[in-house]
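These notes are about the structure you will find just below.
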Amino acid sequence: MGRLYRRARFFVRRITSFDRERVMQFARQSARLSKAPVWWVAADMAWCAVRYETTFENYSEWDFRILTRAERKTFMTDPKSFHLSRRLNDNAQRRIFDDKVEFASRFGDELGREWLDIRDRDADALADFLRGRERVITKAPGGVGGHGITMRDVADVTDAAALRQDLLSSGEVLVEEVLVQHPEMARLYPDSVNSLRMVTYLDPDGKVHVLAGVLKVGNGGVIDNFSNGGMYTMLDDDGRALHAASDEEGNPFSTHPVTGVDITGFQVPRYDEVLALVDRLARRVPALPYIGWDIAITPDRPVVIEGNHNTGVFQSKPSVSGIRRGLLPRYRTAMRF
């Protein structure tokens, strides 16, 4: 009864706050997978919101329109993940992951890059940080989804004091050196740091489970985020791309449209080291056992970019991959729910 109430409450919130045009965009996108009219797809989207706790985005992203009832039941969804995060992760310590400066302070030995918080440093310190570097990244400590991040050419900075004031005004107070990615990752797409999203769970017995391994790839921009034009594909347990990548519009890419490098079958370098890194990271804050880690691969080692205590969900897109089974059983086995 409680579960049904929770789902109904979620559905009512969605209906009362949804963007009608965006919902219809998802419905039209899903309707292209079948001969069903758009109005029927929209009705099915509403039904799935209650029955399977999907968002309208989830319905479109994982091709619920073409899945059977049994197949739909295997998919993890964003609302389910949110409930797990709320239940498992200690709210009092979420700031460690919400604030990028706090995160850098806590995980500095695994960052693989230098950083500066300009709020407690003067213009001379900023000038010293910029000296000898071609580019830096400035970040808002609370930015999410790739927002509040700017890549800056140091050659364009003529006045460090003026830049510091601009950054204080914009809120991008964290200045970081730009990571140099592994040559194999750069070969895939050189204009962004192509990262991994590794979703982990530290169980009560002290075992770290990798729930999902994801390869995120930039496409035309300097950020690889899905919401900023990037694409993603799922990795197998050895770090090999299982299938073509897809972007937010559902377009498949078996090869990268800019570089021509094969995405399907791409082997992430140093993947055994990635697994060792996320095992260490997951044990660092045991009060938050369910985390999505963004990992970059440098020529020397994997490093952590950030952690997400309310991680998004990543799964194979059936129409692109041919895989019609989601990761919910994997989550249930690890988390015992």
Any residue at all in region 247-257 that is buried (at least 23 other Cβ atoms within 10 Å of the Cβ) and over 26 Å from L126 (Cβ atoms)?
no
Could we say that G206 is closer than 30 Å to A334 by Cβ, exposed (fewer than 14 other Cβ atoms within 10 Å of the Cβ) and modelled with pLDDT under 95 here?
no
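Residue-wise test of (1) modelled with pLDDT of 85 or more; (2) part of a helix (DSSP H, G or I); (3) within 25 Å of H83 (Cα to Cα); (4) among the aromatic types (F, W, Y).
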| site | (1), (2), (3), (4) |
| --- | --- |
| I15 | no, yes, yes, no |
| M24 | no, yes, no, no |
| A36 | yes, no, no, no |
| A43 | yes, yes, yes, no |
Restricting the first residue to region 293-318 and requiring it to be assigned by TED's automatic domain parsing to the domain that holds L275 and at positive phi, which pairs with a second residue that is buried (at least 22 other Cβ atoms within 10 Å of the Cβ) and assigned to a strand (DSSP E or B) meet a Cβ separation below 8 Å and a spacing of at least six or different chains?
none
When you check S169 against the structure, is it in a helix (DSSP H, G or I) and either closer than 24 Å to G312 by Cβ or without any contact (Cβ under 8 Å) to a residue 24 or more places away in the chain (or both), yes or no?
yes
For region 50-80, enumerate the residues that are in a helix (DSSP H, G or I), within 19 Å of M24 (Cβ to Cβ) and free of Cβ contacts under 8 Å to residues at least 40 places away in the same chain.
E57, Y59, F64, R65
Where residues in region 290-337 are within 15 Å of V274 (Cβ to Cβ), of a type in the set (V, I, T) and touching a helix residue (DSSP H, G or I) at 6+ places or on another chain (Cβ under 7 Å), which of them is surrounded by the most Cβ atoms within 10 Å (Cβ to Cβ)?
I297
Go through region 114-145 and report how many residues are within 20 Å of the chain's Cα centre (by Cα) and under 25 Å from R283 (Cα atoms).
5
With the structure loaded, tell me whether L167 is buried (at least 19 other Cβ atoms within 10 Å of the Cβ), in the same structural domain as D279 (by TED's automatic domain parsing) and either at pLDDT 95 or above or of a type in the set (F, W, Y) (or both) or whether it fails that test.
no
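The values are calculated or read from the model by the stated rules, or taken from the named source; none is laboratory data. All figures in this text were calculated on a predicted structure; none of them were measured in a lab. Positions of Cβ are backbone-derived with ideal geometry, glycine not excepted, and every protein chain shown enters the neighbour counts.
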